[in-house]
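Enquirer: Starting off with a structure, shown below.
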Amino acid sequence: MRQTIVPEGYGYRRIFGTRWNDNDVYGHLNNTTHYAAMDTTITSWLIGVAGLRTDADEAMAVVVSSSCTYLTSVSFPESLLVGLRAGRIGTTSVTWELGLHAESTGALVATGQFVHVFVDAVNQRPVPIPRDVRGAIEAQLVMAP
């Protein structure tokens, strides 16, 4: 049984399992898998920790920007340990910072950034980050410099 090495500097961490078909023709995880790992981690935190209800809340988070920097390749069956923290927190938006690590070694394999803007679920216009979500971000995901 392998031991997970936990990376520092992230208020939330989630293991993202990979599948054989996540490998591309070159034998390493396809870039879309990295994005799926990041989006799944953010959404899991928003729903499971911050209490955002995608089916009932008046505000929803939409991605307006995303990026990923690949540092080294990994392949199935390696799982990713994805760390999440908050970067910039505005009135209506938050910049998520992510670190994707090889679960078996803790090695940083990629870094990513997503920007969510919170919008009214009906008219899609920006609204302030919901109070409970902002409180959870500030309590758990804002890391000391």
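Throughout, read-outs are computed from the coordinates displayed, never taken from laboratory work. Treat the numbers as computed from the prediction; the structure is a model and nothing was measured.
Enquirer: Return one number: the angle in degrees, 0 to 90 and rounded to the nearest 10, between the long axis of the Cα atoms of helix 31-48 and the longest principal axis of the Cα atoms of the chain.
Expert: Here the helix axis deviates by roughly 50 degrees.
Enquirer: Report, in deg cm²/dmol and to the nearest 500, the calculated mean residue ellipticity at 222 nm for the chain, where each DSSP H run with n ≥ 4 adds -39500 (n - 2.57) and the sum is divided by the residue count.
Expert: Calculated from helices alone, the mean residue ellipticity at 222 nm is -5000 deg cm²/dmol.
Enquirer: Just to be sure I follow: if Rg is taken over the C-alpha atoms of the chain and Rh is the Kirkwood radius over the same atoms, what is Rg/Rh?
Expert: 1.00
Enquirer: How big is Rg to Rh over region 55-99, alpha-carbon atoms, Rh as the Kirkwood inverse-mean-distance radius?
Expert: A ratio of 1.07.
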